Amino acid sequence: MKVLEKHPMIMIIIGVIGISVSAIFVKYSDAPSVVTAAYRILWTVGIMSPLVFGSREVRKEMKQTDKKTIVLCGVSGMFLAFHFVAWFESLNQTSVASSTAIVCTEVIWVALGFVLFLKGKMGRGAIFSIAITVLGSLLIAFSDYSAGGDNLYGDGLALAAAVFSAIYTLIGREVRKGMSTTSYTYFVYVFCALTLCVSAAAAGIPFTGYGVRSVLVGLLLAVFSTLLGHSIFSWCLKYLSPSFVSASKLCEPAVAALFAAFLFGEIPVLLQVIGGVITIGGVLLYSKVEKNQ
């Protein structure tokens, strides 16, 4: 562990790979998007439960959590569920490169939500960054529209997934002010799992019958994308600056696209690449603007 503390970049690389392979794993699932998402979160809850209930401090905090906070965690979990379903379905309709690039615009929607609903302020630099990001996303959409098929629909789902994730993040930003990360994420994951299971049942979608591979995909998503992905980035915040950690996440579209090109033969066209670079560039620029504010 001391080696990793001295060389946190090792963990950054593992984290980038962890979040990048999530799109690849989803492609291998034979289950509907809502079921794949449910498998992922149920595995995550199962892995976390012994750690959560094995800690006296966490149990005490969860027991003392007020009803308003629990309700907010519930709403946050619902939007996280919507995010997973929209994004997983997006990956079934469009390329990994387009979907991951558009989903990465979440930070832009968080900024807009912060201004509109939490009375935050936004300078010219932030507005310019958002404009660049929107331009990049439009280029991706135009490229996919020209390609025909359901690609444009997939882009729309990726955009919806980014917005849903932004709402989840904004709620978490407020709730986390008086709550530990462990308690918050556990509550959210439980409500997310319930939302996904109820949604599947309401839609008449069977929860089983998709083979062992789909269940295994859920486990791989839980381990690599959640625990070895997002959790590692949280750990890295102790040793690296938040701006660097956030910027490193923007490697996901490029790494995921490389995996998709090798495994599925998804070779992005030039306009798609340009749109992706501009989109990620806009997000990166916004991250720097936010740091300097």
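Give the residues of region 25-34 that are aliphatic (A, V, I, L, M) and over 14 Å from the mean Cα position of the chain (by Cα), sorted by residue number.
Once the filter is applied, which keeps residues that are aliphatic (A, V, I, L, M) and over 14 Å from the mean Cα position of the chain (by Cα), region 25-34 yields Ala31, Val34.
Tell me yes or no: at least one residue of region 181-188 is over 19 Å from Met62 (Cβ atoms) and either assigned to a loop (DSSP other than H, G, I, E, B) or aliphatic (A, V, I, L, M) (or both).
no
Starting from region 166-192, keep only residues that are in contact (Cβ under 8 Å) with a residue 24 or more places away in the chain and under 11 Å from Gly77 (Cβ atoms), then list their pairs with residues that are of a type in the set (D, E, K, R) and not in a loop (DSSP other than H, G, I, E, B) whose Cβ atoms are within a distance under 7 Å, requiring at least 6 positions of separation or different chains.
Tyr184/Arg176
Can you pull out the residues in region 64-104 that are of a type in the set (A, V, I, L, M), in contact (Cβ under 8 Å) with a residue 24 or more places away in the chain and more than 22 Å from Asp144 (Cα to Cα)?
Ile70, Leu72, Val75, Met78, Leu80, Ala81
Looking at region 40-60, can you tell me whether even one residue there is without any contact (Cβ under 8 Å) to a residue 40 or more places away in the chain and among the β-branched types (Val, Ile, Thr)?
No, that holds for no residue.
Looking at Val188, Val163, Val212, Val217, which is the one that is surrounded by fewer than 20 Cβ atoms within 10 Å (Cβ to Cβ), of a type outside the set (D, E, K, R) and at pLDDT 90 or above?
Val212
Being without any contact (Cβ under 8 Å) to a residue 60 or more places away in the chain, farther than 21 Å from Ala37 by Cβ and in contact with a helix residue (DSSP H, G or I) (Cβ under 8 Å, 6 or more places away or on another chain) is the filter here, so list the residues in region 105-133 that pass it.
Selection gives Leu112, Gly113, Phe114, Phe117, Leu118, Gly120, Lys121, Met122.
Checking Val16 against (1) under 21 Å from Leu228 (Cα atoms); (2) surrounded by fewer than 21 Cβ atoms within 10 Å (Cβ to Cβ), which single condition isn't satisfied?
Checking Val16 against (1) under 21 Å from Leu228 (Cα atoms); (2) surrounded by fewer than 21 Cβ atoms within 10 Å (Cβ to Cβ), the one that fails is (2).
Filter region 19-33 down to the residues that are part of a loop (DSSP other than H, G, I, E, B) and among the hydroxyl-bearing types (Ser, Thr, Tyr), then identify the one that is surrounded by the most Cβ atoms within 10 Å (Cβ to Cβ).
Here the residue is Ser29.
Tell me the residue from Gly275, Gly265, Gly282, Gly229 that is buried (at least 18 other Cβ atoms within 10 Å of the Cβ), over 18 Å from Ile102 (Cβ atoms) and either more than 18 Å from the chain's Cα centre (by Cα) or modelled with pLDDT of 70 or more (or both), please.
Gly229
The values are calculated or read from the model by the stated rules, or taken from the named source; none is laboratory data. Every value quoted in this text rests on a predicted model; they were computed, and no experiment measured them. Virtual Cβ from ideal backbone geometry, glycine too; neighbours counted across all protein chains shown.
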